[in-house]
Amino acid sequence: MTRSLPTVRGVALLLLLASGCGYTFGSGLPEQGVRSIALQVVGNETYRQRLEVELGAALARELPVSTDLVLADQRHADAILEVVFTDARERTLVSGSRTDPVREGALEAAIRMRLLRRDGTVLLERRLLDRTEFRDPIGEDLTSARSELAEDLARKIALALESEVGGGSDVAPGPPRRRSAGSRGN
């Protein structure tokens, strides 16, 4: 019985110390009066067409699920989210035959995101990168890679909105993930 008392005191002390370390949860947006955001139409400065459509749809699905922010129209939102594709490239990783020129490939993209108050003040600005790979022999293609890229970027944008506001560091891609047939590689 006397051994459990020091353990309880130790845990209580650890919790007390951890609470004073400056760690916070969430983005701090609600404290700044941002509870709702308007999602502007995603822009595209690249030659790859329709990436912006897929990302816009993925953001509309992801943001309400992954953040505490509510989607609203621009007239009623506390902030406006701007997202623009700044780069998109397809790479051949493994060449095939004449009839099937790409056996394995990758799609890489960069976006610029900015969260603005209604008065135009920049709350958050980031450059996010992502890369997804596809393998023809297991039924993947550029279309499935585009869809996965949009979903991954939407998750990264949601994470950036939930991270501490005010930091301007870029989020770089991790090592490429390999997907197996039937999995999404998450």
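Derivation of every value follows stated rules applied to the coordinates shown; laboratory data play no part. None of the values given here were measured: they were computed from a predicted structure. Ideal geometry is used to build each Cβ from the backbone, glycine not excepted, and the neighbour counts take in all protein chains shown.
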Exercise. Tell me, in nm to one decimal, what length is gained between residue 142 and residue 68 on full extension, where the rule is 0.36 nm per residue of separation less the Cα-Cα distance?
Worked result: 23.4 nm
Exercise. Quick one: putting +1 on the C-beta of Lys and Arg, -1 on the C-beta of Asp and Glu, what dipole do you get for segment 28-162 around its Cα centre, in Debye to the nearest 20?
Worked result: 260 debye
Exercise. Along its principal axes, what span do the Cα atoms of segment 28-162 show, with the longest given first and each in whole Å?
Worked result: 57, 26, 21
Exercise. Given a Förster distance of 30 angstrom, what is the FRET efficiency for residue 92 paired with residue 49, based on the Cβ-Cβ distance and rounded to 0.05?
Worked result: 0.95
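Return the loop-located trypsin sites (Lys or Arg not before Pro) in segment 48-122 (DSSP other than H, G, I, E, B) with at most 10 other Cβ atoms within 10 Å of their own Cβ; answer none if there are none.
On the way: sites: 48, 50, 61, 75, 89, 91, 98, 103, 112, 114, 117, 118; in loops: 48, 50, 75, 98, 118.
When the trypsin sites (Lys or Arg not before Pro) of segment 48-122 are filtered for loop state and at most 10 Cβ neighbours within 10 Å, 50, 75, 98 remain.
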